[in-house]
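Written below as structure tokens is the structure these notes are about.
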Amino acid sequence: MKKRLFGTRGIRGPVHVKVSPELAFKLGLALAELTGGGEVVVGRDTRVTGEMLFSAFSAGLMAGGSDVLDVGIVPSPCLAFATKKLGASAGTMITASHNPPTDNGLTFYTENGSEFTGEREVELERLVLDVQPKMVEWMNVGSVYKIDITEEYITDIEKKVKVDGGVKVVVDPANGAASGITPVLLRRLGCEVVTINSHPDGHFPGRPAEPQPWNLGELMAVVKKVGADLGIAHDGDADRLAVIDENGDFIKHDTLIAFFAQKIVRERGGGIVITSVNTSKSIEEVVQRMGGKVIRVPLGAFTEGLIEHQACFAGEPGKLVFLEHGMWADGIFSAAKVVELISKERKPISRIFKESVPDYSMYHEDFHCRDEMKPYFMEHMKRHVLKEIGDIEKIIDIDGARIERKNGSWVLVRVSGTEPKARVVIEGRSLEELEDLKNKIVEEARRFLDARMR
Ligand code: MG
């Protein structure tokens, strides 16, 4: 099942170069064909090119006989919610997630709000590239209906989450699609809310949209300055969240996954948790302790994992899927769950996590790697890691190669499905072990790529 247009999930890239209005039109026409002319909910994030792509994509849908339910600028999880709630045949989010403002893209959702699986994406691709569906006759062309769904979305979460008050939170939505939503929701839940970067602006003037520690310096400083209990950050479309503790420190994405996985498995007395190949071994440890099991899937494939294994929770770095809410990663619902947790536990957030999730040292580095170099890089590095690290327990090679040692430490070498990047991730049991593995592996990755990039 080789993808030609789609990346890890959805289509994403520079506008006009990869994601053009012509392509958006063809995708619209193809999706109308795939859904048999069913209704399609379409939303977009705050990107400057969103309206153009919305127009082209909607024209394709209408030309194929589908009606467009236009929910306007909304977070991806709100689009997923709307698709399910409105009983549409499919949903499409026009977003490039955390990519730079020059990029845009499209991500597709099924009628229950889950992302298209790889299989579905390939079907859609085939319609665009091989079949080129016909346009319907003039009297069967679709229309656009504008729908405001955000109020319903906020109310829905409000009903599912209970906060006892007394929580002070700083929210940084990166000027993205959650700008008018997360602060409103948390305020209604009874929190005292301070905002930064919280007006919608597709130039992302406040900070890069990826909610990683190196982009969240301002949020960390404000949390400390105003004496907040926590900080919440999103990416541009708010399927992701990052959490800052009361000291202004970044809480590792994997710690959040481990914490909620453990909590849900404990409450259910077992169950399967889905996570990606690049997350901490601590997740297995806490889930197994509660009688559950962890299954690892390729990055971006948590939907397939949830369906195949009838799992009770899924998480990949920055994305949490709470099935009590829906089949989609929801940074806004997750924010509400974190706030609920603090209000229940009545202790500092840093302590809540420290007491329940082991903290191992991790290192990751991205390298520039041209697409044609990717197979050579993978082959070379896999061989190198196997030779260097020793004491091997198992190899997971569903997405790159994750090589685990018997003591629980591991190395992952993988290449990006959406960008010209390669990545090495290492988790050691101790700082010394991490340093040792870093010296053996990261240097070699750099040397190999440097020699071939000149
Ligand atoms: Mg995103």
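The values are calculated or read from the model by the stated rules, or taken from the named source; none is laboratory data. In this text the structure is predicted, and so the values were computed from the model without any measurement. With ideal geometry, Cβ positions are generated from the backbone for all residues, glycine too; neighbour counts draw on all protein chains shown. Heads up: the accessible areas ignore ligands, DNA and RNA and are worked out on the full protein's heavy atoms, side chains in. Shrake-Rupley method; radii C 1.70, N 1.55, O 1.52, S 1.80 Å.
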Open item on the list: Under the 0.36 nm per residue contour assumption, what length would be gained going from the current alpha-carbon distance of Lys18 and Thr155 to full extension?
Closed with: 45.6 nm
Task: Translational diffusion of the range 313-389, µm² s⁻¹ [Kirkwood Rh, Cα pairs; Stokes-Einstein; 20 °C; 1.002 mPa s] - done: 130
Task: the chain - share of DSSP beta bridges that are antiparallel (%, nearest 5) - done: 60
- [ ] Compute the accessible area per residue over the chain, keeping the other protein chains in place, probe 1.4 Å, unit Å².
- [x] 40
Open item on the list: Considering the Cα positions of the range 185-291, please state its Rg to one decimal place and its Dmax as a whole number of Å.
Closed with: 16.0, 46
- [ ] Would you please report the Å³ per residue occupied by the convex hull of the alpha carbon atoms in the range 135-204?
- [x] 123
Open item on the list: Per q in 0.14, 0.22 Å⁻¹, report the Debye log10 I(q)/I(0) for the range 86-125, using one uniform scatterer on each alpha carbon and no solvent.
Closed with: -0.36, -0.75
- [ ] Please get the size of the charge dipole for the chain, origin at its Cα centre, with Cβ charges of +1 on Lys and Arg and -1 on Asp and Glu, quoted in debye to the nearest 20.
- [x] 720
- [ ] Provide the three semi-axes, in whole Å and in decreasing order, of the ellipsoid equivalent to the range 277-435 as defined by the square roots of 5 times the Cα gyration tensor eigenvalues.
- [x] 29, 20, 15
Task: Dipole axis of the chain (+1 Lys, Arg; -1 Asp, Glu on Cβ), positive-most option in Gly64, Ala445, Met373 - done: Ala445
Open item on the list: Quick check: convex hull over the Cα atoms of the range 305-346, volume per residue in Å³, rounded to an integer?
Closed with: 76
TODO: Report the accessible area of Arg447, computed with a 1.4 Å probe over the heavy atoms of all protein chains in place, in Å² rounded to the nearest 10.
DONE: 130
TODO: Let me know the Kirkwood hydrodynamic radius for the range 376-425, please, with Cα pairs as the basis and the value in Å to one decimal.
DONE: 11.1
Open item on the list: Could you check the spin-label model distance between Asp366 and Glu443? Points 7 Å from the Cα along Cα→Cβ, value in nm.
Closed with: 2.6
Task: Positive-end residue, the range 246-309 charge dipole about Cα centroid, Cβ charges, pick of Thr303, Ser276, Ala261 - done: Ala261
Task: Taking the chain and dividing mean pair separation by its residue count, relative contact order in percent (alpha carbons under 8 Å, at least six apart) - done: 13
Task: Against the rule of thumb 2.2 N^0.38 Å, how large the Cα Rg of the range 43-175 comes out - done: 1.20
- [ ] Could you tally the net charge around Ile389, taking each other residue with its Cβ under 11 Å from the Cβ of Ile389, Lys/Arg +1 and Asp/Glu -1?
- [x] -2
Open item on the list: If every alpha-carbon in the range 211-363 counts as one equal scatterer, what log10 I(q)/I(0) does Debye give at q = 0.09, 0.17, 0.19 1/Å?
Closed with: -0.26, -0.95, -1.19
Open item on the list: With only alpha-carbon atoms in the gyration tensor, what are the semi-axes of the equivalent ellipsoid for the range 228-286, in Å, largest first?
Closed with: 23, 14, 12
- [ ] Find the centroid of the Cα atoms in the range 365-413 and in the range 222-271, then give the distance between the two in whole Å.
- [x] 28
- [ ] Quickly estimate the mean residue ellipticity at 222 nm for the chain, helices only: each DSSP H run with n ≥ 4 gives -39500 (n - 2.57), and the total goes over all residues, rounded to 500.
- [x] -11500 deg cm²/dmol
- [ ] Express the carbon and sulfur contribution to the solvent-accessible surface of the chain as a percent, rounded to the nearest whole number, probe 1.4 angstrom.
- [x] 50
Open item on the list: How long are the semi-axes of the equivalent ellipsoid of the chain, defined as square roots of 5 times the Cα gyration tensor eigenvalues? Whole Å, largest first.
Closed with: 34, 29, 20
TODO: For each pair in Lys374/Lys440; Lys224/Lys281; Lys85/Lys263; Lys354/Lys387; Lys382/Lys438, compute the distance between the two Cα atoms and list the pairs where it is over 25 Å.
DONE: Lys224/Lys281; Lys85/Lys263; Lys354/Lys387
Task: Measure of compaction for the range 29-99 (Cα Rg per 2.2 N^0.38 Å) - done: 1.02
